[in-house]
Amino acid sequence: MLKSESVNVKNPNIWVGVLVYCIAYWIFNVNGLLIDNDTIEYIGFAKKYECFTIPKSPYYQPGTGLFIWVIKKLLNINYIFAFRVLNFISGLFLVVALIKILPPKEDHRFLSISMSLSPVVLYLSSLLYADIVFLAVAFWGLVFLVKHTETDKIHGLIVSGILFGISIFIKYNGIAITVSGCLFLALIYFKKDKGSIKKILAKIIILSLPSILYVIFWKIYNGKLGLVEFTNYMHKVDFECIMFYLKLNTLSLYRLVIDRLTLGLTSFVSHYYLWFAILLSIFGFRKKLLNMFKINNMQFYNKQVLLLLIVAIVYAVAVTTMHSLNCYSEPEVRLYSITFIGGLIILVMILMRITDKLINKYFKIMILISALLYQTFILVRILAETSDARVSLNNSKYSKIIGKLKVHLKGENLKGYATPLFNRHWFALGGDYSALAIFHGQRHFHLGQLYEYNDSQYKEMVRLTVSDLKSNYYLVVECSEDFILRNESFLKKTTPVFKEDNIYVFRGSDQ
């Protein structure tokens with residue numbers, strides 16, 4: 001029989017986690033907010049709600065846009081700030097959910113701090129995307145699901161089902177959460193009720209009904225379920241293509257995991273570092289590991305961890321499969337966020353269990369501090385990778401350039417291309433929340449990978465784009481100081497409309 005302890009509302013570790021999260025969030029965002037391409041879509045949805053219209057989309061769900069609009073109305077603030085408030089609160093609720101889902105023991109205080117400093121949680125609560133809102137709703141659904149298995153009261157199951165349905169309203173990924181919850185119920189109650197199929201089916205129906213009803217509504221209202229239906233909005237695929245991308249995405253997930261575990265060392269080092277750590281754990285702590293998996297005396301093995309394990313595996317398989325069926329690859333941490341969060345909880349609990357009876361308590365403290373430092377190193381790396389997406393609303397340089405560009409436009413809409421950092425400042429500071437198509441910087445991160453063009457390649461990209469610009473279309477390029485020094489004559493020859501600092505603005509001719 002699986003051991004478990006009920007989810008305690010008065011868990012003292014919650015306040016520790018909340019305080020640490022608030023401090024970490026402030027430090028992580030002190031240099032500005034994170035804006036990416038989908039930010040534009042979600043704020044676009046909020047603007048449609050302003051006109052009392054439920055938006056339709058082949059790719060996105062409308063839930064986040066609704067929440068942005070509600071917060072904007074309630075607090076009388078702009079869309080960007082409303083999005084920031086929504087994500088901060090969602091991150092806070094997610095941290096509380098992650099702490100509440102665990103047994104309320106004093107030795108979980110470190111785990112509470114670890115969850116509050118989780119790179120995935122801090123990154124997604126800072127990024128103006130729907131992911132953190134989805135995670136907060138989904139994990140609260142899991143909290144109520146665990147509570148239901150402890151008390152067997154129907155209201156916990158109903159609330160959990162409603163939250164799972166809302167999670168799909170925010171992101172299609174909520175379908176994987178609903179499936180995970182149903183599997184968890186089947187496993188728990190098959191053992192608990194000695195295989196009472198009718199009772200298990202009744203619970204699964206109650207849990208999944210809100211999700212099923214919402215999916216039916218969205219199918220009728222929107223016409224398509226987007227990428228969940230596969231090949232409807234992307235090119236037609238065949239079995240060979242699907243198998244190729246299934247292999248590619250599975251390997252990408254493995255590389256993504258070891259890349260984060262080993263702080264971005266080379267693939268060769270990361271691969272063997274991981275296997276060395278696994279073998280060291282097996283042989284160095286084999287007795288403790290064996291004892292840990294004895295159900296009769298093992299406090300680690302409980303319903304909460306079983307649920308997180310199911311969710312992490314199902315979610316990873318669902319994301320990998322969906323991308324493969326669409327012949328598409330995007331190995332981003334945020335796509336596998338639940339897998340990383342669930343895995344982090346389980347790994348930290350294993351670490352705590354292994355070090356629980358070490359002779360030297362100071363050695364245990366040193367290991368736990370090292371784990372926190374490890375998370376800090378990952379956060380520093382994320383800060384470096386997201387530098388071209390971070391926007392400061394008080395940036396005088398971009399405000400000056402945007403003002404000059406508006407004067408030049410003489411009331412026209414800005415159309416064309418821009419490098420990411422300027423593009424995101426234009427979106428946030430331009431006043432109309434519009435954005436340009438992306439023109440990559442010479443050195444940039446894309447889908448978790450670093451790309452860098454040499455001078456010849458980048459000059460050719462600029463030249464071809466300028467020559468192909470339509471009339472009244474613009475190209476705004478933010479160049480590095482080194483590139484300008486080496487290629488000043490080329491930039492002048494390409495005849496920019498104007499230059500300000502290291503930003504060059506080109507315009508398409510009438511020819």
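Quick look at the numbers
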{"quantity": "Neighbour-count ranking [beta-carbon atoms within 10 angstrom, fewest first] of SER114, SER167, SER509", "calculated": "SER509, SER114, SER167"}
{"quantity": "LEU201/TYR59 FRET efficiency (R0 41 Å; Cβ-Cβ; nearest 0.05)", "calculated": "0.75"}
{"quantity": "Scattering curve values for segment 392-507, log₁₀ I(q)/I(0), Debye with Cα scatterers, q = 0.21, 0.23 Å⁻¹", "calculated": "-1.30, -1.52"}
{"quantity": "Virtual spin-label span in nm between PHE239 and ARG443, 7 Å along Cα→Cβ", "calculated": "4.8"}
{"quantity": "Theoretical FRET efficiency, 1/(1+(r/R0)^6), r = Cβ-Cβ of THR386 and PHE190, R0 41 Å, to 0.05", "calculated": "0.40"}
{"quantity": "Filter on LYS73/LYS400; LYS73/LYS404; LYS72/LYS100; LYS459/LYS493 - keep pairs with C-alpha separation over 20 Å", "calculated": "LYS73/LYS400; LYS73/LYS404; LYS72/LYS100"}
{"quantity": "Stretch gain in nm, segment HIS408-CYS22, where the contour uses 0.36 nm per residue and the Cα spacing is subtracted", "calculated": "134.8 nm"}
{"quantity": "Added length on full extension, which subtracts the Cα-Cα distance from 0.36 nm per residue, TYR374 to ASN472", "calculated": "30.3 nm"}
{"quantity": "5 angstrom amide H check on PHE498, placed H, neighbours 5+ away", "calculated": "VAL505"}
{"quantity": "Förster-model FRET efficiency, 56 Å R0, LEU347 and THR495, C-beta, rounded to 0.05", "calculated": "0.50"}
{"quantity": "Using θ = phi - 60° and Karplus 6.51 cos²θ - 1.76 cosθ + 1.60, couplings along segment 451-466 (whole Hz; Gly, Pro as x)", "calculated": "10, 8, 9, 6, 4, 4, 5, 6, 4, 5, 4, 5, 4, 5, 5, 5"}
{"quantity": "Highest-first arrangement of 142-150, 217-225, where packing means the average Cβ count within 10 Å", "calculated": "142-150, 217-225"}
{"quantity": "Calculated log₁₀ intensity ratio I(q)/I(0) where the Debye formula runs over C-alpha points of segment 69-159, q = 0.12, 0.13, 0.15, 0.16 Å⁻¹", "calculated": "-0.45, -0.52, -0.66, -0.73"}
{"quantity": "LEU309 versus TYR451: modelled label distance in nm, points set 7 Å from Cα along the beta carbon direction", "calculated": "4.0"}
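Coordinate-derived values only; no laboratory data. Source: prediction; values computed, not measured. Counting neighbours? That spans all protein chains shown, and the Cβs are built from the backbone with ideal geometry, glycine included.
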